[in-house]
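Colleague: Can you read through this structure? Questions will come right after.
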Amino acid sequence: MGSGKSSRPRSPQRRRRPKRPRRAQRARSSRHHMATLDQAELVTIGRIERSFGVRGEARVRSLTDVPGRFESLGQVTIVGPAGKTLDTRVTHVRPGGPTWIMGFEAFATPEQVAEFRGAFIQVPRGDSPALPADQYYQCDLIGMVVQDEAGTVLGCLEEVVSMSGNQNFLVRQDGKEMLIPAAKQVVVAVDVVGRVMTVRLPEGFGDL
């Protein structure tokens, strides 16, 4: 019986290929990223004092007595006073009187350097020989939080100063400085991993 419809077979419809899921875009690796090395694997070799010039260079004070340490620097970790940490590479180094003038890939302007004023420059520990018990490299002590036995923070250990043949720790907090003798009867404990030094000060020492 006629239905009024054409009896010609319809051409098969083309099947649409299923859309392939888009590949997840790889996140671009940051040129300068947060440090991942444990603090125990790093040693402090210098401190950024201030910016130098207009091209993002920094004036850095050495905190190490290892010869040639600055001339061959590559990858470093910069630890700021507020805890901000940055991995970057050193582009160039030259002597600048008692300090060093350094360039970093992370810094292109004086303002960027200013954000890390007072920051410590750290490098992998490498093959530094182990020391006997109760002896420490100066670079391991620099930057430690110094507290008394009651847990009161006295400041940050910024420098080891030799005076009349005796070593003292220069501790600074809120613009105030304190020289603490590097003596066994004064230094109660040193936590290299936790970055804390505990001291026992004579009564009235802080009032001198």
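We did not get these values from a lab; they are worked out from the coordinates using the rules stated. Since the structure is predicted, the reported quantities are computational estimates derived from the model, not experimental observations. Glycine also receives a Cβ, built like all others from the backbone with ideal geometry; neighbour counts cover every protein chain displayed.
Colleague: I'd like the FRET efficiency for E115 and Y136, computed as 1/(1 + (r/R0)^6) with the beta carbon distance as r and R0 of 41 Å, rounded to 0.05. Please report the intermediate quantities before stating the final value.
Modeller: Numbers: r = 30 Å, r/R0 = 0.73.
Rounded to the nearest 0.05, the efficiency is 0.85.
Colleague: Further question: With label points built 7 Å along Cα→Cβ from the Cα atoms of L201 and S164, find their separation and express it in nm.
Modeller: Taking the two extended label points, one gets 2.0 nm.
Colleague: Also, quick follow-up: Contact order normalised by length for the range 75-145, with contacts defined as Cα pairs under 8 Å and 6 or more residues apart; what percent is it?
Modeller: On the way: 72 pairs, mean separation 22.7, N = 71.
The normalised contact order for the range 75-145 reaches 32 percent.
Colleague: I'd like to compare 187-195, 166-174, 91-99: which one has the highest average count of other Cβ atoms within 10 Å, and what's the full order after that?
Modeller: In decreasing order of mean packing, 187-195, 166-174, 91-99 become 166-174, 187-195, 91-99.
Colleague: Quick one: length gained pulling V193 to R55 fully straight, 0.36 nm per residue minus the C-alpha distance? Please report the intermediate quantities before stating the final value.
Modeller: Details: separation 138, 0.36 × 138 = 49.68 nm, distance 3.54 nm.
Length difference between fully extended and current span is 46.1 nm.
Colleague: Taking every Cα atom in the range 39-124, find the radius of gyration and the maximum pairwise distance Dmax, and write them in Å.
Modeller: Final numbers for Rg and Dmax: 11.5, 35 Å.
Colleague: Follow-up. What's the magnitude of the charge dipole for the range 39-124 around its Cα centre, counting Lys and Arg as +1 and Asp and Glu as -1 at the beta-carbon? Answer in Debye, nearest 20.
Modeller: On the way: 10 positive and 9 negative charges, 44 e Å.
Approximately 220 debye in magnitude.
Colleague: How far is it, in nm, from the label point at V93 to the one at Q185 when both lie 7 Å from their Cα along the line to the Cβ?
Modeller: 4.0
Colleague: Still on this structure: Charges only on Cβ, +1 for Lys and Arg, -1 for Asp and Glu: so what's the dipole of the range 138-202 about the Cα centre, in debye to the nearest 20?
Modeller: Working: 5 positive and 8 negative charges, 24 e Å.
Its charge dipole is roughly 120 debye.
Colleague: Report Rg (one decimal) and Dmax (nearest whole number) for the range 129-183, counting Cα atoms only, units Å.
Modeller: Radius of gyration, then largest Cα-Cα span, for the range 129-183: 11.9, 36 Å.
Colleague: Right, here's the next one. Determine, for K84, K184, the number of other Cβ atoms within 10 Å of each Cβ, and report the residues in order from fewest to most. Show your work: numbers first, answer last.
Modeller: Values: K84 12, K184 8.
Ordered from fewest to most neighbouring Cβ atoms within 10 Å, K84, K184 come out as K184, K84.
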